[in-house]
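The values are calculated or read from the model by the stated rules, or taken from the named source; none is laboratory data. Remember, predicted model here, so these are calculated numbers, not experimental data. For neighbour counting, all protein chains shown are included, and Cβ atoms are generated from backbone atoms with ideal geometry for every residue, glycine included. Just so you know, the surface numbers come from the protein's heavy atoms only, side chains and all, with ligands and any DNA or RNA stripped out. Shrake-Rupley method; radii C 1.70, N 1.55, O 1.52, S 1.80 Å.
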Amino acid sequence: MTPTDGPLHVAIIMDGNGRWAKQRGLPRTFGHREGVKALKRTVAAAPDLGVTALTVFGFSTENWRRPMAEVSELMSLLKVYVESDLDRLVRENVRVRVIGRRTGLKPDIVEVIDRAEARTAHNSRFLLQVAFNYGGRADIADAARRFAEEVEQGRAKAADLDEALFEQHLSTADAPPPDLIVRTSGEQRISNFLLWECAYAELVFQDVYWPDYGPEHLKAAIAEYRARERRYGGAASDDVLAAG
Ligand code: FPP
């Protein structure tokens, strides 16, 4: 397998932190802390596998329903991750983007996010998108609202709206859509992640809890992706040849 075969953009639903901890008789928050280590391993391994963008699901709009202590832990882990890794991400020419709603986040978290985005804004080797306080439906609704506001203000025309224009209003507008979406822990759901963007993504479900994830798992997911044929609604290449 050669890095040029793609996928260029990989998105990951990092699932199974809680079960990983439970298996060991540890509190769920331990699983999330180990999850940060797995994230660091994965970010470090991705460029060598030909990946140029990685989007990870760090906190969903539904995660607010978890116990307050767990919500606080997940919030503080974003901060810990940025604070421990930002200098290195800057050095390694990684651009950081945090997608999702800023409203509802505490000011110190928003400050960390703004700092990470500002310091890496001109980096170009690799894009790390962290979905945080993110929900796919919320993102589509927010995009629709933004477009409607432009129409109200006379800056856009409803008749001009097509898929390409709509996409520019999503929080993922800066990146191409994911080629490959991975979910760990054996669960096989999309759970409100990148709903618009997943239209033609290959889905790979891996039977490993996120805290145990590492370069070898990412490599295996990419190998599975490369073994598939992407058709984007067209016919299989064999059928096209057979049809002459
Ligand atoms: C799912 O496991 C994981 C999450 C809800 C959060 C993922 C967060 C991290 C990996 C921490 C790092 C995050 C950032 C933003 C740096 P789960 O708790 O649903 O596990 P379970 O399904 O086994 O209960």
Please list, ordered by first then second residue, the pairs with beta carbon atoms under 7 Å, 6 or more apart or interchain, first in region 8-19 and without any contact (Cβ under 8 Å) to a residue 24 or more places away in the chain, second open to solvent by 30 Å² or more (accessible area, probe 1.4 Å) and hydroxyl-bearing (Ser, Thr, Tyr).
none
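Kindly indicate whether residue 58 is assigned to a helix (DSSP H, G or I) and surrounded by 17 or more Cβ atoms within 10 Å (Cβ to Cβ).
No: the conditions fail for residue 58.
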Single match in 51, 90 (criterion: among the hydrophobic types (A, V, I, L, M, F, W, C), under 17 Å from the mean Cα position of the chain (by Cα) and closer than 19 Å to residue 120 by Cα):
51
Taking region 31-59 as the region of interest, how many residues are away from the ligand (no atom under 11 Å from the Cβ) and closer than 16 Å to residue 77 by Cα?
1
Residues located in region 170-185, provided they are over 12 Å from the mean Cα position of the chain (by Cα) and within 16 Å of the ligand (Cβ to nearest atom):
184, 185
Region 84-98, subset away from the ligand (no atom under 11 Å from the Cβ) and part of a helix (DSSP H, G or I), residue surrounded by the most Cβ atoms within 10 Å (Cβ to Cβ):
89
Is it true that some residue in region 205-216 is within 24 Å of residue 98 (Cα to Cα), open to solvent by 30 Å² or more (accessible area, probe 1.4 Å) and touching a Ser or Thr at 6+ places or on another chain (Cβ under 7 Å)?
yes
Do we have residue 35 as free of Cβ contacts under 8 Å to residues at least 40 places away in the same chain, open to solvent by less than 60 Å² (accessible area, probe 1.4 Å) and among the small types (Gly, Ala, Ser) here?
no
